[in-house]
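Okay, structure first, notes after.
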Amino acid sequence: MTSSPLAHKSTTAPAPLQVLIVGEDPRRSPLEKHLSQISRWALSWHWQPRGIPIESADLLILFSPQAAIQPWLDPIAAYGLPTIAITAAPLPEPLGLVRIPPEELSPFSLELAFRAILQEKSLGAPFSNGDTARPWISTHLLQTHLQLTTILVKFSQALLRPQSTLDMALGILGRHLQMERITILQWHWDQTGKIGAPPSILEQWSHDGSPPCRKKVADFPLLWWQALLDLGEVTAIADRADHPELKEPLEFLDVKAFLGLPMCDNQGNHWGQLIFTGQHPRPQAWSALELQTLKMAAELLHHYLMRTATQRELESSEALYAGIITHSAEAIFLVRVQPPSDSAHGSESLSEFIFEMVNPTYCDKMGVYPRQIIGKSPQAAFQEHLAQQLCDSFQGCLEIGETLLFEEVLNLPDSTQIWRTCLIPIRDRQGHIQQIQGSARDVTEERQLELTKMRYNRHQHMLASLTLKILRSWDMNKMLSTTVQELRKTLQADRVIFWEMLNGEVGEVTAEAACPDVSSMLHQRFPAEAFNRGDFDLFRQGELQTCIDVEAAKFPPAHDAMLREHGVIAYAVLPVLVSALDDLEGEPHLKGLICVQQCHFPQVWSADELHLLRQLINQICIALNQAELIQRQRHYTEELARSNQELEQFAYVASHDLQEPLQLVANYAQLLVRRNGDRLDDRSQRYLHHITTGTHKMQEQIQDLLRYSRLNTRQNPLEKVSMAACLHQAIANIKLKLKRAQVQLHYPAILPEVLGDASQLQSLWQNLLSNAIKYRGDRQPEITISATQTAHHWQFKVQDNGIGIDPQHQQRIFQIFQRLHTQEEYPGTGIGLAICQRIVKIHGGEIWVESQPGQGAAFYFTLPITTIPDKP
């Protein structure tokens, strides 16, 4: 026979049990198969289809899944055998039978039924038909109490046994109660005393070892948990069919038997719940003795859980503390203080210090193993000077009696380190210092970084100061002179020179700063070989060169001769690279060399000095390039200004000188027409017409050109001007044009005042209005003027409804003598908008147009908003 999941495991042989099956034939059902799987008892069974009397047996099974059971009830009651009824029909009350519905028939349900009906009988004692008096009932309570007490003792021992687990302890209760699952829940209450969140599953035991049903518990509605708890302190449901009000929650949990016992904390608060569940109904209700025993088990469980949680927290804290100490980057140690011995007396008596604990970092820093230091004094573990230093610091903490924080320099066997140490005295209950806890951090690198940062800041300040002094003048000669002087002061050099290359082979010393007792090299010419020690091309790559001691070095003859002739003992040479002005994106070329020379003693050039020199030479190269560019720019600016002035003067003179001959031609042509016009043929008259028309157009162009040139040559001082007044004067000047073209003109009554030239601004308005009238197209012209204020400018707008301008020509129209139409289409000189642009630029503004062909044009111009003082 196979073992049942809930089969009781025992080393003794199972007790025999005779089972008599009455009713329907079990051979066509799984009943016999299920009986063969029960191993708690040595079962033997046979089937009695019909007949009375019933044969002798220890237990009776009424197998009637479909048929009526009434014919068997009287014989069963008469013989008094423990009976299990497998039937779908309800049993009359009270009868004392254990009923198993056919759909729930299984080895597990059969074993639970056997246990239920046999619990009043001592194990192994068979029934007999004549045992109606049942003498064993008198010992029932005593045996039950003894059995429950034994279970509780085993349960408590399992909780206390180190090698046992909580799952093993819960298994003891589960197997005794024949329950399929035991769950320990912890409640989460809200402020109103209701369940505020799904409970936490702390542990769950199952008879088949299945995993905890956490999702089902989490999805269980809180109202259902509250309903189960509202049944009372102990929730005992032997069969969910007896509690229809709880059918839905119990079906959700898929249980038919439910027992919930409270778990309370030390203050009596409902902390959690110990829940026993089964998928089959319990044959009978839990007895008071069982419930009392399980309450005690729940109390033991709570104590166990609290003790385990506390122990875990303590272990976690200890592990965390140990981990912090073990893996800490700081050196941590603990020293025991031993008072002076009795033989020591007087003021010179000192305490003795013994190491009790050191972490790996302390051992690594001090260069020892833990066994070499723990239990020993500093004198026994370290060298004398180091031990004395440690003892002095410990003694200082002991005498002060408070936390001591200080920095110390330790001369360790492998290196010298700077430690930031903290010593904390630990006192006993009487206030005596018994131990000193210490921690130290190696701050050597931190201090070195601080020193490096200080040196860097000092050099940066020095570099900034040198750069400012060099850049005070953009004259290259003055810059080079300032450079060599400041370098000599900064580096305390004997001589600093700048050797400027004149061509690829020869150069001249053009700047020098030297001590009075060294010879001068200023204005002397030296070939490139005098500075070439075999790697001259490195200068073209921006590399500097140094020499600590010329006497100890071997150089090429030309270089060595130059050094010895001028008494150079040590030097540093910095190349000055500048970009070619005709090829700014090309490779920089070598302009010259800055030589820092010592003539009295060798010089060891530190890394900081070399770094400073490299940064300085970069700044010098940038400054020299900028100085040369500025000089070129100034030269070009001056040349451009001179050229523009000459050009404007030429235009003015040329225009003025052309007036007289043109006027002479025009006068004679008109005289010829008046005197001989009627005697000339048509061709001659046409020629004379072309002459007069051409001279008239040329005179207009000359007048416009004169006006254009006078904008720069004859400028009046800017003063407070009303743009409205300028506009009104412009309108008055072209009043006849406006009337002939029937222009609808719209403009604001108030326009701002600006700083400007009234005549020029009047000309600006007049040109823009005339331009709008000229290019009006076939529609009645409409011109709208407006003004808006921006952050820094007044923006004026002249909008028309004329023929418009193609965007690709909108920049071209502001150029002088540029026209988009022929004279026959729209006559003019093509200089009006150029004059407008010149006037706006003179006043510090901008002018532009926005337009599309056939949609009119909007001319915008801006004038600065400035504070205009009133005229006195």
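Over all pairs of distinct alpha carbons, what does the Kirkwood formula give as the hydrodynamic radius of the stretch 715-864, in Å? Before the final figure, lay out the partial values.
Values: mean 1/r = 0.0639 Å⁻¹.
15.7 Å is the Kirkwood radius here.
Note down the net charge around GLY260, summing +1 for each Lys or Arg and -1 for each Asp or Glu among other residues with Cβ under 12 Å from its Cβ.
On the way: positive: LYS295; negative: ASP230, GLU233.
Cβ neighbours under 12 Å give a net charge of -1.
Quick one: which residues, 5+ away or cross-chain, put their amide H under 5 Å from the amide H of VAL518? H built at 1.01 Å from N.
It is none; the list stays empty.
Pop out the Kirkwood hydrodynamic radius of the stretch 178-312 from its pairwise C-alpha distances, inverse of mean 1/r, in Å to one decimal.
Numbers: mean 1/r = 0.0649 Å⁻¹.
Computed over Cα pairs of the stretch 178-312, the Kirkwood hydrodynamic radius comes out at 15.4 Å.
If I model a spin label at ARG812 and LEU314 as a point 7 Å from the Cα along the Cα→Cβ vector, what separation in nanometres do I get?
9.9 nm
For the stretch 473-605, with every protein chain kept in place, what is the accessible area per residue (1.4 Å probe, Å²)?
Working: 6420 Å² over 133 residues.
Per-residue accessible area for the stretch 473-605 comes out at 48 Å².
Give the residues of the stretch 546-563 whose amide nitrogen is closer than 19 Å to a point set 7 Å from the Cα of SER606 in the direction of its Cβ.
546-549
According to a simple spin-label model (label point 7 Å from Cα along Cα-to-Cβ), what is the distance in nm between ILE433 and LEU405?
1.8 nm
Provide the solvent-accessible area of SER200, counting protein heavy atoms only and rolling a 1.4 Å probe, rounded to the nearest 10 Å².
40 Å²
Between TYR321 and SER287, what is the FRET efficiency for a Förster distance of 51 Å, r being their Cβ-Cβ separation, to the nearest 0.05?
Details: r = 50 Å, r/R0 = 0.99.
After rounding to 0.05, the efficiency reads 0.50.
Apply the Karplus parameterisation 6.51 cos²θ - 1.76 cosθ + 1.60, with θ equal to phi minus 60°, to every residue of the stretch 262-269 and state each ³J(HN,Hα) to the nearest whole Hz, in sequence, with x for glycine and proline.
With coefficients 6.51, -1.76 and 1.60, one gets x, 10, 10, 7, 5, 8, x, 7 Hz.
For the stretch 234-240, just list the computed ³J(HN,Hα) in residue order, Karplus coefficients 6.51, -1.76 and 1.60, θ = phi - 60°, integers in Hz, with x standing in for Gly and Pro.
Each residue of the stretch 234-240 in turn: 10, 9, 10, 10, 6, 8, 5 Hz.
So what does HIS461 come to for accessible area, using a 1.4 Å probe and Å² rounded to 10?
The accessible area comes out at roughly 140 Å².
For PHE555, what charge total do you get from the other residues with a beta carbon under 14 Å from its beta carbon, if Lys and Arg give +1 and Asp and Glu give -1? If you can, show how the numbers build up before the last one.
Details: positive: ARG533, LYS554, ARG564; negative: GLU529, ASP535, ASP549, GLU551, ASP560, GLU565.
That sum, taken over residues with Cβ under 14 Å, equals -3.
If amide hydrogens are placed 1.01 Å from N in the peptide plane, which non-local residues have theirs closer than 5 Å to the one on TRP271?
MET263, CYS264, ASP265
Using a cut-off of 29 Å between alpha-carbon atoms, which lysines can reach LYS33, once sequence neighbours fewer than 8 places away in the same chain are excluded?
Qualifying lysines at Cα under 29 Å: LYS9, LYS121, LYS256.
Which whole-Hz couplings ³J(HN,Hα) result when phi for each residue of the stretch 225-230 is put into the Karplus expression 6.51 cos²θ - 1.76 cosθ + 1.60, θ = phi - 60°, listed in order with x for Gly and Pro?
4, 5, 5, 5, 6, 5
Where Rh denotes the Kirkwood radius from the mean inverse Cα pair distance, what is Rg over Rh for the stretch 473-605? Could the numbers behind the result be given before it?
Values: Rg = 14.5 Å, Rh = 15.2 Å.
A ratio of 0.95.
Using the per-residue mean of other Cβ atoms lying within 10 Å as a proxy for protection, in what order, highest first, do the peptides 736-745, 540-549 fall? The partial results should precede the final answer.
Values: 736-745: 12.9, 540-549: 15.4.
Output ranking for 736-745, 540-549: 540-549, 736-745.
Under a 5 Å amide H to amide H cut-off, with H placed in plane at 1.01 Å, what residues pair with TRP794 once short-range neighbours are removed?
LEU863, ILE865
Quick one: of LYS194/LYS247; LYS739/LYS774; LYS453/LYS478; LYS194/LYS215; LYS154/LYS194, which pairs are farther than 25 Å apart, Cα to Cα? Write out the running numbers ahead of the final one.
Working: LYS194/LYS247 22 Å; LYS739/LYS774 13 Å; LYS453/LYS478 33 Å; LYS194/LYS215 21 Å; LYS154/LYS194 35 Å.
Pairs exceeding 25 Å: LYS453/LYS478; LYS154/LYS194.
When Lys and Arg each count +1 and Asp and Glu each count -1, what net charge do the other residues less than 11 Å away from ARG495, Cβ to Cβ, add up to?
Values: positive: ARG488; negative: ASP494, GLU512, ASP517.
Result for the local shell: -2.
Cross-link partners among aspartates and glutamates for LYS841, C-alpha distance below 17 Å, same-chain residues fewer than 8 apart left out?
Of all the aspartates and glutamates, those that pass the test against LYS841 - Cα under 17 Å, at least 8 places apart if same chain - are GLU648, GLU719, ASP757.
The values are calculated or read from the model by the stated rules, or taken from the named source; none is laboratory data. Keep in mind that this is a model prediction, so the values were computed, not measured. Glycine also receives a Cβ, built like all others from the backbone with ideal geometry; neighbour counts cover every protein chain displayed. Note: areas computed on protein heavy atoms with side chains; ligands, DNA, RNA excluded. Shrake-Rupley method; radii C 1.70, N 1.55, O 1.52, S 1.80 Å.
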